[in-house]
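Enquirer: Below is a structure I'd like to ask you about.
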Amino acid sequence: AATLGGADAADAPRRPGVKQLPYILLGVVLMTVQPIFVTLSRNAQGGLDYNPVTSVLLSELAKLLISATLLQTSGDLPSVKPEAREALRFSAPAIIYFLNNNLVFFILTHISATTFQLMSQLKTVFTALLFRFFLTRKLTVMQYLSILQLALGAATSHIPRCFAGSSQSPDWTGSAMMVCSCFFSATGGLYSERLLKDKAKDSIHWQNCQMYFWGVLFNFAGALLQEGSIFERGFFSGYNAWTWAVVVNSALNGLAISAILKYADNIARIFAHAASMVLTMLISIALFDEVMTPQVVIAVVAVGTSTLQYNLKPEHLFEAPPTPAVLGAAAGKVESHAESEEDALLAEEDEEDEEQGGAVHAKLIRSFP
């Protein structure tokens with residue numbers, strides 16, 4: 001965690017590189033286990049014994065305390081210049097994350113962890129649309145096709161199994177909430193990336209402190225507005241070991257995503273989500289005895305390949321034409337090969353001439369008495 005501010009944001013490239021790789025790998029691990037932990041924290045009936053708002057509030061408070069500690073220990077505190085207008089801008093992504101983080105708990109009571117990760121790839125669709133209509137970023141034909149493939153792949157996971165007597169049916173409530181969650185996540189991610197990079201020289205810890213301050217405020221207000229359930233049942237009512245795992249993992253995941261957006265971009269975050277989708281599916285099969293249906297396999301392949309296609313650079317679509325140096329080297333090899341064949345033919349002809357000359361000489365010798 002102490003390395004989150006170790007790189008100079010001004011020098012950070014837009015594309016994922018070696019310096020950004022630790023943040024991306026950490027994000028993959030944390031994103032993979034987050035839906036697993038939430039699923040494990042459910043009760044036997046599939047519901048939650050604890051209040052999700054209190055869990056999110058504790059995660060936001062943990063992120064704020066960690067960021068404040070890192071701001072102090074990193075030595076960046078003297079360079080901090082608080083600005084009310086700048087701090088107010090961080091309230092926008094904070095309220096978006098407040099809505100989305102609480103929504104995730106209800107989604108995972110309706111759909112499995114694997115389906116959650118599959119449908120979360122719809123964030124790419126909303127990210128692309130927001131890029132196009134709000135940031136005026138043009139998309140290529142390949143990117144539009146990959147978005148269509150992504151949507152179809154996510155929908156494939158909800159096709160009921162085609163077996164007679166199967167009672168399996170998709171949970172459309174969870175699916176609808178998942179679409180909303182993807183929109184919130186894409187919007188919050190783009191807004192956060194813009195804020196984190198508008199002032200690239202500002203400490204990421206100070207920027208995080210401003211965002212998580214609003215996160216704590218919004219979640220505390222949300223907890224108080226829940227008809228006094230916190231005071232009646234107790235703040236930690238229903239908590240178990242998996243609940244605390246959710247709290248800790250959510251806090252670390254938020255810090256990792258913030259570092260990805262600061263030092264890489266939303267494209268890197270999409271790659272991390274795609275990788276975590278596959279890992280979550282494999283873990284869910286092992287832990288929850290989920291069946292590897294053809295629909296899930298097709299969906300994983302379609303979603304994974306569409307994500308790669310969306311992020312593929314145009315110059316990688318076709319094989320690059322050979323450079324003059326390569327053509328010259330190839331021509332030299334052909335010419336050298338031709339000369340070698342010609343030399344071999346001449347040597348073979350010389351050997352035949354010598355053999356014929358030797359035979360004539362021997363015949364002449366035998367002709368004399």
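The values are calculated or read from the model by the stated rules, or taken from the named source; none is laboratory data. As the structure is a computational prediction, the values presented were derived from the model and not from experiment. All Cβ positions, glycine included, derive from the backbone under ideal geometry; neighbour counts span all protein chains shown. Calculation scope for accessible area: heavy atoms of the full protein, side chains included, ligands and nucleic acids excluded. Shrake-Rupley method; radii C 1.70, N 1.55, O 1.52, S 1.80 Å.
Enquirer: Using a cut-off of 15 Å between beta-carbons, work out the net charge of the residues near residue 113 (Lys and Arg +1, Asp and Glu -1, residue 113 not included).
Expert: Overall, the nearby charge balance is -2.
Enquirer: Separate question: Which length gain, in nm to one decimal place, applies between residue 69 and residue 236 when the Cα-Cα distance is subtracted from 0.36 nm times their residue separation?
Expert: 57.6 nm is the gain from fully extending residue 69 to residue 236.
Enquirer: For region 104-149, what is the accessible area per residue in Å², given a 1.4 Å probe and the full set of protein chains?
Expert: 46 Å²
Enquirer: Leaving ligands, DNA and RNA out of it, work out the accessible area of residue 177 with a 1.4 Å probe and give it in Å² to the nearest 10.
Expert: Spelled out: residue 177, probe radius 1.4 Å, area about 40 Å².
Enquirer: Under a point spin-label approximation (7 Å from Cα along Cα-to-Cβ), what is the residue 88-residue 217 distance to one decimal in nm?
Expert: In this crude spin-label approximation the distance works out to 1.1 nm.
Enquirer: Related question: Using alpha carbons only, how many angstrom separate the centre of region 279-315 from the centre of region 89-111?
Expert: With region 279-315 and region 89-111 each reduced to a Cα centre, they are spaced 24 Å.
Enquirer: How far is it, in nm, from the label point at residue 289 to the one at residue 225 when both lie 7 Å from their Cα along the line to the Cβ?
Expert: About 4.2 nm, to one decimal.
Enquirer: Based on the Cβ-Cβ distance from residue 95 to residue 139, what FRET efficiency comes out when R0 is 25 Å, to the nearest 0.05?
Expert: 0.35
Enquirer: Can you pick out the pairs among 63/313; 19/81; 19/138; 63/199; 63/138 whose Cα atoms lie more than 31 Å from each other? Mind showing how you got there, number by number?
Expert: Working: 63/313 35 Å; 19/81 27 Å; 19/138 28 Å; 63/199 21 Å; 63/138 35 Å.
Over 31 Å apart, Cα to Cα: 63/313; 63/138.
Enquirer: Go through 84-96, 250-262 and give me the packing order, highest mean Cβ count within 10 Å leading.
Expert: On the way: 84-96: 15.9, 250-262: 23.6.
Per-residue Cβ counts within 10 Å, averaged per peptide and sorted highest first, yield 250-262, 84-96.
Enquirer: With the other protein chains left in place, how much accessible area per residue, in square angstrom, belongs to region 234-318 at a 1.4 angstrom probe?
Expert: On the way: 3540 Å² over 85 residues.
Accessible area per residue, region 234-318: 42 Å².
Enquirer: Shifting gears a bit: Taking the Cα centre of region 172-258 as the origin, how large is its charge dipole in debye, to the nearest 20, when only Lys and Arg (+1) and Asp and Glu (-1) carry charge on their Cβ atoms? Write down the numbers at each step before the final one.
Expert: On the way: 5 positive and 5 negative charges, 50 e Å.
About 240 debye.
Enquirer: Based solely on C-alpha atoms, express the radius of gyration and the Dmax of region 35-150 in angstrom.
Expert: Spelled out, the Cα radius of gyration and Dmax of region 35-150 are 19.1, 52 Å.
Enquirer: For region 191-272, run through the GluC sites (Glu not before Pro) and keep only the ones in DSSP coil with at most 11 other Cβ atoms within 10 Å of their Cβ.
Expert: Loop-located and lightly packed - 227.
Enquirer: Right, something else. Given the peptides 199-208, 181-190, arrange them by the average over their residues of other C-beta atoms within 10 Å, most packed first. Provide the component values of the computation, followed by the final result.
Expert: Working: 199-208: 19.9, 181-190: 22.1.
Ranked from most to least packed, the peptides come out as 181-190, 199-208.
Enquirer: With equal scatterers on the alpha carbons only and no solvent term, can you work out the Debye log10 of I(q)/I(0) for region 86-148 at 0.16, 0.18 1/Å?
Expert: For the requested q values the scattering log ratios are -0.76, -0.87.
Enquirer: Given labels modelled 7 Å from the Cα in the Cβ direction, how far is it in nm from residue 76 to residue 313?
Expert: Result for the modelled spin labels: 2.9 nm.
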